[in-house]
1. Mind giving me the FRET efficiency for E173 and L58? R0 is 30 Å, r the Cβ-Cβ distance, nearest 0.05 is fine.
2. Name the long-range amide H neighbours of R156: under 5 Å, sequence gap of 5 or more, or other chain; modelled H, no Pro or chain starts.
3. In whole Å, how far is the Cα centre of the stretch 116-138 from that of the stretch 180-258?
4. Can you tell me the order of 202-213, 161-172 when each peptide is scored by its average per-residue count of other Cβ atoms within 10 angstrom, highest first?
5. Leaving out ligands and nucleic acids, and using a 1.4 Å probe, what accessible area per residue does the stretch 88-242 come to in Å²?
6. If you plug each phi of the stretch 157-164 into the Karplus form 6.51 cos²θ - 1.76 cosθ + 1.60 with θ = phi - 60°, what whole-Hz ³J(HN,Hα) values come out, in order, with x for Gly and Pro?
7. Return the distance in nm (one decimal) between the two label points of a simple spin-label model at L162 and L105, each offset 7 Å from Cα along Cα→Cβ.
8. Which stretch or stretches of the stretch 230-258 have amide N atoms under 20 Å from the point lying 7 Å from I208's Cα along the Cα→Cβ direction?
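The values are calculated or read from the model by the stated rules, or taken from the named source; none is laboratory data. Keep in mind that what you see is a predicted model, and the values were worked out from it rather than measured. Cβ placement follows ideal geometry from the backbone for every residue including glycine, while neighbour counts extend to all protein chains displayed. Remember, those area values only see protein heavy atoms, side chains included, never the ligands or the DNA or RNA. Shrake-Rupley method; radii C 1.70, N 1.55, O 1.52, S 1.80 Å.
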Amino acid sequence: MPSWKPRSGRALLLGVSLGGVLLLSSGCVAASGAASVPGLGPQSVDDPSGRATGVQLLLLLTTLSLAPALLLMVTSFTRIIIVLSLVRNAVGVPQLPPNQVLVGLGFLLTVFVMAPVWQTVNGEALQPYLAGQIQQGEALTRAEAPVRTFMLAQTRESDLDLFVGLSRETRPEGIEQVPTYVVIPAFILSELKTAFLMGFIIFVPFLIIDIVVSSALLSMGMMMLPPVVVSLPFKILLFVLVDGWGLIIGSLVKSFAT
């Protein structure tokens, strides 16, 4: 049985984890005097033991440039932004909230949901590596584990089986042997399914309001008045009265509980 530990998958997961860790721990690192990354100072030019080589810096810059794509692939952002967009369309005002507000809210919720994962990566992989206690390979392995655990907890078994079959590799004996490049697309597919399922449930009450308003207008002979003009205030009123945003955000966060 071959070993399923591709370095490219580890580097991908470490990159997105480092982005989250920097958001959560930059203040703590500065306060503890550990803000200087080993090997990044001027003295590292003639120091053969410096870790920050030109290749590593190039990889770091590449990872930062790919951060938006990494955020979409291996975090909760995909499900959150799709559900929020479907809520906006279900209410009947596709321009409100604006895209900037919606994306900002999705990003902040992603940070909130992923915070435990990034804290684990920071404590078990990043900080020991910066302190020189472990080597890069072990840091990659430690950083990979919590992110994979998060993704596998949200991935449907059917989606995982689909991509295991599409990979044309020998079927793994256990889930821990599934390669990371198989887990990521299976996770994204599961996130899409879950997001659209939640969106369908959100659409139902607003659809009922549209049907009731349309039937009422038709019974009164007001066929020239678009039903959406009348139903929109009622849908907004219903959404406000039931604390719609609180229910939606609470359900989204709870849906990632492992």
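1. 0.20
2. S190
3. The two parts, judged by their Cα centres, are 41 Å apart.
4. My ranking of the peptides, most packed first, is 202-213, 161-172.
5. On the way: 8720 Å² over 155 residues.
I get 56 Å² per residue for the stretch 88-242.
6. Whole-Hz 3J(HN,Hα) from phi for the stretch 157-164: 5, 5, 5, 5, 4, 4, 6, 5.
7. So the label points at L162 and L105 sit 2.9 nm apart.
8. Under cut-off, by backbone N: 230-249, 251.
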